[in-house]
């Protein structure tokens, strides 16, 4: 009986469970979605319980497929979205129903005292954490300390997204180097937590999970997990990796100098190298690779596919209904409509920063916009402008990476947006690069997780079989006229982005001044609790007695 693998891709929108043969060929896959909640500005939450219930549902559906044999499954691994902050107590109980995900920025105030002790440039050079600091797990944990003191005092471990699911699968709490590199207190070159940064945070080292290689085995399935999933307990669970690095692995970034573009809910261009690519102005964000000795450095835009989804929800309800009725993809319908608008969308520009700014922007408060509208513009123009704006924004990321290292073509593109021939052409023209689409497509993260499981279980000796699994399906070459047009549009796009960032920053400062002048809240009182109050939290007193607060005699940061 041939062995097989289950790979889970835990993304922002849901879980994809995929069944792979031992040679890396995908047999079938199932996607089940879950919700993201936005209870307040800058709060982006998901329910870890949803991740587990959806993983169970997706596994059961996968095993119902004719090609699936539960008894043949030898190993599984998870690729998980980054910067998760899931609090567990000493008994492994989840301490709150919903937790902040990677795009959550509520912890801005918690960064201030930290950077009074640690130079921000030193922090970036050590960690490679190039997103605005509030996104990183350490500051979200400090937010729990400041706003959920009752919850904070019960925390034994803070785990990430895939590590929570691994705990549910095995009862073991570990993380791998790639996921840990997004926690905010990790030293890239040491491949370990940084004692000075941990000390500056005021958190105890023990709150962070112990580290293990991505392709190491945590253990077999627990009895409870095996029963829920319908799998034998003999199935081994690999440690897995962060989505950025799993996707890099699945996109053939196996060696120094390889690059790829990921076109999903967020979008980024990443380069794999033996040393992290660091620049204190642009701040490429860096994750340790799931392959020992390598790093993945990237520049991203936070809202690409998610901004296009917003356009579909606000402007294309009729197309959504048509897609549901006729069993079509709404994005295919939108692409067909956009194709009726010429390159340049008849003068409409779109900035896709609907979830805030990345390191490319002068302010994290920037928000998106349609610019240049007049009464003659059509819905087709707006849809095309959205596609072009996302491509132009990612072109800015490409230009910054090119200042740090060569980024030669052709470039492999993966993710949902790479399915659209029109959008691939727009990206090729905007990037001025030939793009390669392979049959891996949206499965790069899943393939990366499957490869981790294969190596962990001893089915592969290394990751080299991935290269042969990619077969070219389409090569998209820049069209000279559109390439020239997008090159001419870039300066206007840059100016518009700067204007939007300045407007957002000015508006935020004005709103803060107005709030300070009109507030009637007593001095020192904390803001009202969030939508999910902490268990046992009855006071807002500072958690000075917490077991995770550093001792007053802790050594100074180094």
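Annotations
- Sole exception among (1) surrounded by fewer than 19 Cβ atoms within 10 Å (Cβ to Cβ); (2) without any contact (Cβ under 8 Å) to a residue 60 or more places away in the chain; (3) touching a strand residue (DSSP E or B) at 6+ places or on another chain (Cβ under 9 Å) for residue 218, by number: (1)
- Test result for residue 196, in a loop (DSSP other than H, G, I, E, B) and more than 30 Å from residue 74 (Cβ to Cβ): no
- Residue 177 being touching a strand residue (DSSP E or B) at 6+ places or on another chain (Cβ under 7 Å), modelled with pLDDT under 95, surrounded by fewer than 24 Cβ atoms within 10 Å (Cβ to Cβ) and not assigned by TED's automatic domain parsing to the domain that holds residue 279: no
- Subset of the range 67-94 that is part of a loop (DSSP other than H, G, I, E, B) and buried (at least 22 other Cβ atoms within 10 Å of the Cβ) - its residue that is farthest from the chain's Cα centre (by Cα): 85
- Looking only at the range 420-460, residues that are at positive phi, in contact (Cβ under 8 Å) with a residue 40 or more places away in the chain and in contact with a strand residue (DSSP E or B) (Cβ under 7 Å, 6 or more places away or on another chain) come to 0 in all.
- Residue match in the range 441-457 (condition: over 24 Å from residue 55 (Cβ atoms), under 23 Å from the mean Cα position of the chain (by Cα) and at pLDDT below 95): no
- Among residues of the range 461-481 being touching a residue at least 40 places away in the same chain (Cβ under 8 Å) and in contact with a strand residue (DSSP E or B) (Cβ under 7 Å, 6 or more places away or on another chain), the one that is farthest from residue 220 (Cα to Cα) is 476.
- If you check 417, 497 for being under 22 Å from the mean Cα position of the chain (by Cα) and either without any contact (Cβ under 8 Å) to a residue 40 or more places away in the chain or within 14 Å of residue 391 (Cα to Cα) (or both), only one passes: 417.
- Condition check for residue 196: touching a residue at least 40 places away in the same chain (Cβ under 8 Å) and on the phi < 0 side of the Ramachandran plot: yes
- Hey, residue 121 under 21 Å from the mean Cα position of the chain (by Cα) and either farther than 30 Å from residue 222 by Cβ or surrounded by fewer than 24 Cβ atoms within 10 Å (Cβ to Cβ) (or both) or not: no
- Of the residues 61, 46, the single one that is surrounded by fewer than 21 Cβ atoms within 10 Å (Cβ to Cβ), assigned by TED's automatic domain parsing to the domain that holds residue 240 and in contact (Cβ under 8 Å) with a residue 12 or more places away in the chain is 61.
- Inside the range 48-57, residues that are within 16 Å of the chain's Cα centre (by Cα) and more than 13 Å from residue 17 (Cα to Cα) make up a count of 1.
- Residues in the range 349-398 that are in a helix (DSSP H, G or I) and out of contact with any helix residue (DSSP H, G or I) (no Cβ under 8 Å at 6 or more places or on another chain): 397 only.
- Answer residue from the range 420-434, given it is more than 24 Å from the chain's Cα centre (by Cα) and assigned to a helix (DSSP H, G or I) and is surrounded by the most Cβ atoms within 10 Å (Cβ to Cβ) among those: 429
The values are calculated or read from the model by the stated rules, or taken from the named source; none is laboratory data. All figures in this text were calculated on a predicted structure; none of them were measured in a lab. Using ideal geometry, Cβ is built from the backbone for each residue, glycine included, and neighbour counts are taken over all protein chains shown.
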